[in-house]
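Where a number appears in this text, it was derived from the coordinates with a stated rule and is not lab data. The structure presented is a predicted model; accordingly, all values stated were derived computationally and were not measured. Positions of Cβ are backbone-derived with ideal geometry, glycine not excepted, and every protein chain shown enters the neighbour counts.
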Amino acid sequence: MLWYTGKRLLQTIPVFFGATFLIYFMVFSLPGDPIAALFGDHPPAPAVIDQIRAEYNLDKPFIVQYFLYVGGLLTGDLGTTFSGRPVIDVMVKAFPITFRLAMLALAFEAIAGILVGLISGLRKGKWFDSSALVVSLLLISVPTFVIGFVFQLVFGIQLGWARTTVSGDAPWGELVLPAIVLATTSFAYIVRLTRASVADNLNADFVRTATAKGLSRRRVVTVHVLRNSLVPVVTFLGVDVGSLMVGAIVTEGIFNINGVGGTLYRAINLGEGPTVVSFVAVMVIIFMLANLLVDLLYAALDPRIRYAK
Amino acid sequence: MSQLATETRAENVSGEEQPLLQVRDLEVGFETQRGVVSAVRGVDLTLYAGQTLAIVGESGSGKTTTAQSIIDLLPRNGKVTAGQILFEGRDLTTLPPAAIEDVRGRLIGYVPQDPMSNLNPVWSIGFQVEEAIKANNVAQGKEARLRTIQVLKDAGLSDAADRLKQYPHQFSGGMRQRVLIGIGLSAKPKLLIADEPTSALDVTVQRQILDHLATLTRDYGTSVLFITHDLGLAAERAEQLVVMYKGKVVESGPSQEILANPQHPYTQRLVSAAPSLASRRIQSAKHADADDPQIYAGGSTDDTLIARAAEREQAAPAKALISVENVTKMYKIRQQGFRSEKLLAVNDVSFGVQKGTTTALVGESGSGKSTVAKLILQLESITSGRIEFDGQNVAGLKGAELLKFRRRVQPVFQDPYGTLDPQYNVGNTIAEPLLAHKVGTKKERQARVLELLDQVSMPSATRFRYPGELSGGQRQRIAVARALALKPDVLVLDEAVSALDVLVQGQVLNLLTELQTELDLTYLFITHDLAVVRLIADNVCVMQRGRIVEAASTDEVFDNPKEQYTQELLAAIPGGDFEFGR
Amino acid sequence: MPNNNSRRQDHFVAALEDTPIAPIDKLDESQKARSTWADAWDAMRRRPMFWIASSLILLIIVVVLFPTLFTQVSPTVCHLADSNGSPTGGHPLGFTRQGCDVFSRVIHGAQASVTVGVVTMVLVTLFGGTIGALAGYYGGWLDAIVSRVGDIFFALPLVLGAIVLMQVLPARTAVSVALVLALFAWPQIARIMRGAVLSARNTDYVTASIALGVSKFKVLVRHVIPNSIAPVIVIATVSLGVYIVAEATLSFLGLGLPTNVMSWGNDISQARTSIKTSPQVLLYPSAALSITVLAFLMMGDVVRDALDPESRARR
């Protein structure tokens, strides 16, 4: 496990530099004036432009610019927003809210998704399975922002069960509805993945052997079928953190949550290019760390990975 | 319940004894898209306490289905549709699920076929054994752990205590099979169902494990129900025999009696095709028809033909067609960290193959026999040494020279399901080498395909078929036809018949022998199965850990093995010295 | 061990009439020859889902190519007097906030959304598929580079990467949005193709073809690619829907197609201002988008089941 962890950590380093370089390259090396492009239709005052030029070291050679930029990323120097606040301050304040939202969503999609997927897989071809399959297809085909609007309309406005916007400090209770919106697409994917995996494992030789040992059906299903089916689900969760981030931008935008996603959403709407880029860069780093964590979890779940050379 | 049975047995020493297991008129069906397909049709069998019974048959005969239905292990679409399974007088087919759970493991143990897929990869070995012990209430708590170690020790894992925390992928196939046997016997059941328990293992390991299993079941007084395709194993290990064919019992009774004097035409066919040490080399006698529905003799014993073969052997020219000299192949295996370990897959191997003869390369897994085949085929490069074909050094051939060599030396591989591209029909598959070497016009190529199909005794309509529609044996015949397309001198047959049922195997071996005489082919025959070697080879090289330990003519190796390893291999063949009635 | 007479089992031989013997390994010539693709087609057309999905896809194609077959009303001639108006004669779905005909906008909006999806899918499949196949087949340094570059792109989730690039992109058109999406989506197909090619490369039939003297490149084209294309077809079908959703999400964020281009994403995005008063303005383009995505998802599912030999064997 130690060896695997070390190897995996080492692999993260080139990806980190590659990904940040890619972002930086896209923004600052494409033809045309990056500053003009970043601000689009709302060109700032010349003083601001000069300040940003200096901030991003645009007067220096490209590769030096990049390393100064990465240095900034690593030390928390992410520039300032248009209103003059350091991006890192905004980030620090917004992050806990998004973290709570994401945890709620993850918990919901994992628990409900695995449960529904398990029952589906065990009753392949029966009505529960067929309806779960249809519902999951429907959920995947509706974009998150549409689900957000519909939930806001139905639960917030028509039924009045929840607030349509979340208050500044985002208490847990108010985050439930946005978390469900955020989780729907991934929930559907997890249902499908668990179902396929459970159905496969049910036919596995080792499950038959476990039955032959004299284990109860319950134990066979939980200890052998479900336990083995969790491995691909955990792998999926790693990739899914990425879609959760995009979903967070949309969901926090709709429910007006003061999290990372909501801030990014407003920055995009206001055309605050530099802030958008800083936020995305930080999100990409978090995504990489989350993937690292999930890979370690994956290794913990599957000894074949843990002991692989 | 168990006490009751013991009493019954004791009581009945003089009178009628109740059988431990009695299957009556069993019918099993599988639900498929095309309706219910019946897999077992009216099977009867009887097994008394302490006895060993073997069910033999080809794949698809229903032998595994019969065994699985006893403790309700059938796949989800399978169902017992009629008949009774009486275990100690109790009908298992009518038991509720909870009661069957109680029978499984505790009264009836099960040892599955493939050790690689039957242990859960994510749980440790100790966990998986302990789980069985606890479920059958053999022991609980700390006691269960101690019992686990004992069970594994009994199954032949001497360092069991240290290996409890290890995972299946850290165990070899033989070790895993020992674990599975340990699990099956952990509750000292009255009956053990062993479904091909050793067919995935090397012969020497197989022998050890079967011996061990026999000792344990004798000690525990456990009856054994063997499922096997191997008649030798049945002859050697089972008192009772049931021969199944297409879901029905064709013959049953005392095993030695049946095998020495088979009555049903199917059993006769099976027995005559079973390769054993007593077999003789197949001679090309142009059987009337390989598909003859009546009995055909797989191993001909025609003495004159043997004599002719012996003459041919002596008359063979001194210069070998293929000569392998001091060939070594080393692989570097990446280890944890930046170290790499060297693996000597082939170590200083030398041998020659005479034109028109068959040389067998025999060895267990990891002996390097298949690597030698790849080296000769120029699919891998040699580390050192020299390989000559027809007087020319072939190592490192390139371009047109390599193409010329490929034309003359063709391979046939082991896995009938992997050897043909599933997207290509048979005609295109056989024509592919012709196309690659730009031989003939389209019309000529088509004619050649028909000719080749005829040579491998397949109807001409086969050319429109896709591999998915053919059986394993048929695919191997197509693979042979493809290999013959360019009229090569040499065929390298890498375990080409190992995956086939014995009758089909006999048929392909006959075909190969006939083609050899007809086309003056030279064979390099790679196999792990010594019994098959006797049927087809003129000369044998026995390989062990990358080296050739013994090389001689087939008769010499079989009748007078010089090396200890060869002797062990021969002794390990199940039922090797049994005289089958032919 | 008791070995009394009651244990003696008779030598039973079944009557030959009950157990007739078939010839060994004879080809069943009564069946018609079938290729794997013909088999897959057979498996597909038996599923109602296939017919639903293909009719929907056909309908979508017709809507995209000939929108005027469905509506004569111009989607861009709007009267503020009709703002958020209810359905009336000739305007079955009512009006938007700007007073445009909703039905007409749904029909005409298909073009942009579907174009982005299709162009992205084609680009990703061609580029990612080729790169993945070459990397998996030839291995070595090419594989090492492709895998590492793929890892880097994988660190950028599709829409997140697109947000950055769209932020600085000077011209936003259907094609440029598709190019941006493709830039971040190709590694997925490349990975899948690489994996499939790797396993096909190690089969006996590939080794056999090489040993028969077929050139390495021809083996790739004739044997390896045809046998590894199935998962790519499935993923390409499914991801067509995913790309349409991605474009809509970008439009929702204001980073997709410019607001003057008619697309479902833009219409949904603009409709949110009137969600409380007239939710139907939001629902209709959303429904159109979801049905399109659903059609491709269902098609992908059907194709997967049909091409997966394991699931076919189980039936």
field: Candidate lysines - alpha carbon under 28 Å from C:Lys32, same-chain residues fewer than 8 apart omitted
entry: B:Lys246, B:Lys442, B:Lys443
- request: For segment A:259-309 and segment B:493-516, write down the distance between their C-alpha centroids in whole Å.
  value: 58
Calculated on alpha-carbon atoms, Rg and Dmax of the protein assembly as shown in Å: 35.1, 114
query: Once both axes come from the Cα atoms, what is the angle between helix A:62-75 and the longest principal axis of chain A, in degrees from 0 to 90, rounded to 10?
result: 60
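Would you mind ranking C:Ile225, A:Ile23 so that the residue whose beta carbon has the fewest other beta carbons within 10 Å leads the list?
Fewest-to-most Cβ neighbours within 10 Å comes out as C:Ile225, A:Ile23.
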message: Can you give me the long-range amide H partners of B:Lys329? Hydrogens built in the peptide plane at 1.01 Å from N, cutoff under 5 Å, separation of 5 or more residues or another chain.
response: B:Ala345, B:Val346, B:Asn347, B:Asp348, B:Thr383
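In what order do B:Asp72, C:Asp101, C:Asp10 fall by count of nearby beta-carbon atoms within 10 Å, going from fewest to most? Don't skip to the answer; put the middle values down first.
Working: B:Asp72 20, C:Asp101 27, C:Asp10 8.
In order of increasing Cβ crowding within 10 Å: C:Asp10, B:Asp72, C:Asp101.
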query: Which are the unpartnered cysteines of the protein assembly as shown, meaning those with no other cysteine Cβ under 4.7 Å from their Cβ?
result: B:Cys541
query: By count of other Cβ within 10 Å, fewest leading, how are B:Asp102, B:Asp230 ordered?
result: B:Asp102, B:Asp230
- request: Go through segment B:71-158 and name the trypsin sites (Lys or Arg not before Pro) that are in a DSSP coil and have 16 or fewer other Cβ atoms within 10 Å of their Cβ.
  value: B:Arg76
- prompt: If the cut-off is a Cα-Cα distance under 27 Å, which lysines reach B:Lys190, setting aside same-chain residues fewer than 8 apart in sequence?
  reply: A:Lys213, B:Lys63, B:Lys79, B:Lys134, B:Lys142, B:Lys153, B:Lys248
Calculated from backbone phi, Karplus (6.51, -1.76, 1.60) coupling profile of segment A:176-186 in Hz, x at Gly/Pro: 4, 4, x, 5, 5, 4, 4, 8, 3, 4, 5
message: Using each residue's phi in segment B:124-130, evaluate 6.51 cos²θ - 1.76 cosθ + 1.60 at θ = phi - 60° and report the 3J(HN,Hα) Karplus result to the nearest Hz, with x for Gly and Pro.
response: 6, 4, x, 4, 6, 7, 4
field: From phi via Karplus (6.51, -1.76, 1.60), per-residue ³J(HN,Hα) for segment A:158-174 in Hz, x at Gly/Pro
entry: 6, 8, x, 7, 9, 7, 7, 10, 9, 5, x, 8, 6, x, 3, x, 6
- line: Here the Cα Rg-to-2.2 N^0.38 Å ratio for segment A:184-227 is 1.32
task: Give the distance, in whole Å, between the Cα centre of segment C:176-255 and the Cα centre of segment C:262-302.
output: 29
- request: Evaluate the relative contact order of chain A (contact order divided by residue number), counting alpha-carbon pairs under 8 angstrom at least 6 apart; express in whole percent.
  value: 25
Folded to 0 to 90 degrees: helix B:141-154 orientation relative to chain B principal axis, Cα: 40
field: Degrees separating the helix B:303-315 axis from the principal Cα axis of chain B, which is the longest one
entry: 50
Radius of gyration and maximum dimension Dmax of segment A:60-149, Cα, Å: 22.1, 66
query: Cα to Cα, under 19 Å, and not fewer than 8 places away if on the same chain: which lysines meet these conditions relative to B:Lys329?
result: B:Lys342, B:Lys369, B:Lys374
field: Cα-only Debye scattering, chain A: base-10 log of I(q)/I(0) at q = 0.07, 0.08, 0.16 Å⁻¹
entry: -0.36, -0.47, -1.29
Value of [θ]222 nm, deg cm²/dmol, for chain B, DSSP H segments ≥ 4, -39500 (n - 2.57) each, nearest 500: -11000 deg cm²/dmol
field: Zero-based 10 Å bins, Cα pair distances in chain B, whole percents
entry: 3, 15, 24, 25, 18, 10, 3, 1, 0
query: Do any trypsin sites (Lys or Arg not before Pro) in segment B:478-551 lie in a loop, going by DSSP, with at most 16 other beta-carbon atoms within 10 Å of their beta carbon, and if so which?
result: B:Arg545
query: Under 5 Å between amide H atoms, partner at least 5 residues away or on a different chain: which partners does B:Ile526 have, H built in plane at 1.01 Å?
result: B:Leu361, B:Leu493, B:Asp494, B:Glu495, B:Ala496
task: Provide, for q = 0.12 Å⁻¹, the log10 of I(q)/I(0) from a solvent-free Debye sum over equal Cα point scatterers in segment C:115-315.
output: -0.70
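If r is the Cβ-Cβ distance from C:Met49 to C:Val122 and R0 is 22 Å, what FRET efficiency results, to the nearest 0.05?
Numbers: r = 25 Å, r/R0 = 1.12.
The computed FRET efficiency comes out at 0.35.
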